[in-house]
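Some notes on the structure that comes next.
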Amino acid sequence: AGLTTRDTSDAARAPDITGAEAIIAGSCSTATLAQLAHVEKSHPVYRINPARVMASENITGEALAWGEEHDRPVFAASADPNDVSKTQDQYGHMEVGEALEKVMAGIAQGLVENGVRRLVVAGGETSGAVVNALKISALRIGPEIDPGVPWCETLNEPNLALALKSGNFGGEDFFTKSFEMLP
């Protein structure tokens, strides 16, 4: 009683959203590191240094200013796991993770405020932080970019094309392939 159905015929349709594009990678997984190495051949990458974040430097503002200068900027807190471990040993595992997620969420907010409407986010915790920061309440699931990772479209404002992936998902060309799928 009172149950309604929704037309799902558009489930395979990629989000038809225009605007600037960006990539945010917070995962240190092998897959994400390979994806970053691949995308770095054609797009600049802003590397977020965990030690600088922990020293309370204004990384978010610096990263956003850098992003304004580049087409499809890539922001990466992803680093060699040994380097990350050193910072975690010094400041604490949870503290470093939380500080990095806060920076990544702040970058996402700034990007959207500056007109980015197509966003790929790598890393489970990073994805959660970005969704929370952008106050995304509902998504329409679209076509898969790679197994288990679809394009989504936000159903609340701002209207975004959004791909959220766990670190180990996606092929080496995931970042470049994802944007090629959009109209």
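The values are calculated or read from the model by the stated rules, or taken from the named source; none is laboratory data. Note that the coordinates shown come from a computational prediction; the quantities given were computed from them, not determined experimentally. Cβ atoms come from the backbone with ideal geometry, glycine included; neighbour counts cover every protein chain shown. Surface accessibility is based on the protein's heavy atoms, side chains included, excluding ligands, DNA and RNA. Shrake-Rupley method; radii C 1.70, N 1.55, O 1.52, S 1.80 Å.
Residue-level check: of (1) open to solvent by 20 Å² or more (accessible area, probe 1.4 Å); (2) touching a Gly at 6+ places or on another chain (Cβ under 7 Å); (3) part of a helix (DSSP H, G or I), Arg13 misses just (3).
Output the number of residues of the stretch 32-50 satisfying the condition of being open to solvent by less than 20 Å² (accessible area, probe 1.4 Å), part of a helix (DSSP H, G or I) and closer than 26 Å to Tyr91 by Cα. Outline the logic, then answer.
Taking the stretch 32-50 and keeping what is open to solvent by less than 20 Å² (accessible area, probe 1.4 Å), we get 32, 35-36, 39, 48, 50.
After this cut, where a residue has to be part of a helix (DSSP H, G or I) as well, the list is 32, 35-36, 39, 50.
Those left that are additionally closer than 26 Å to Tyr91 by Cα: 32, 36, 50.
Result for the stretch 32-50: 3.
Select, from Val120, Val130, the only residue that is surrounded by 18 or more Cβ atoms within 10 Å (Cβ to Cβ), at pLDDT 95 or above and assigned to a helix (DSSP H, G or I). Lay out the reasoning, then the answer.
Values: Val120 fails: assigned to a helix (DSSP H, G or I).
Every option except Val130 fails the conditions.
For the structure I just gave you, tell me whether Ala161 is within 22 Å of Arg47 (Cβ to Cβ) and in contact (Cβ under 8 Å) with a residue 12 or more places away in the chain. When the stated conditions are applied, Ala161 does not pass them. For the stretch 51-78, the tally of residues that are hydrophobic (A, V, I, L, M, F, W, C) and either out of contact with any Lys or Arg (no Cβ under 9 Å at 6 or more places or on another chain) or surrounded by fewer than 20 Cβ atoms within 10 Å (Cβ to Cβ) (or both) stands at 8. Residues in the stretch 159-183 that are small (Gly, Ala, Ser) and open to solvent by less than 50 Å² (accessible area, probe 1.4 Å) were compared, and the one that is nearest to the chain's Cα centre (by Cα) is Ala163. In the set (1) surrounded by 12 or more Cβ atoms within 10 Å (Cβ to Cβ); (2) at positive phi; (3) at pLDDT below 90; (4) of a type in the set (Gly, Ala, Ser), Gly2 fails one condition alone, (1). Annotation: of all residues in the stretch 82-106 being open to solvent by less than 60 Å² (accessible area, probe 1.4 Å) and touching a residue at least 40 places away in the same chain (Cβ under 8 Å), the one that is farthest from Gly61 (Cα to Cα) is Val84.
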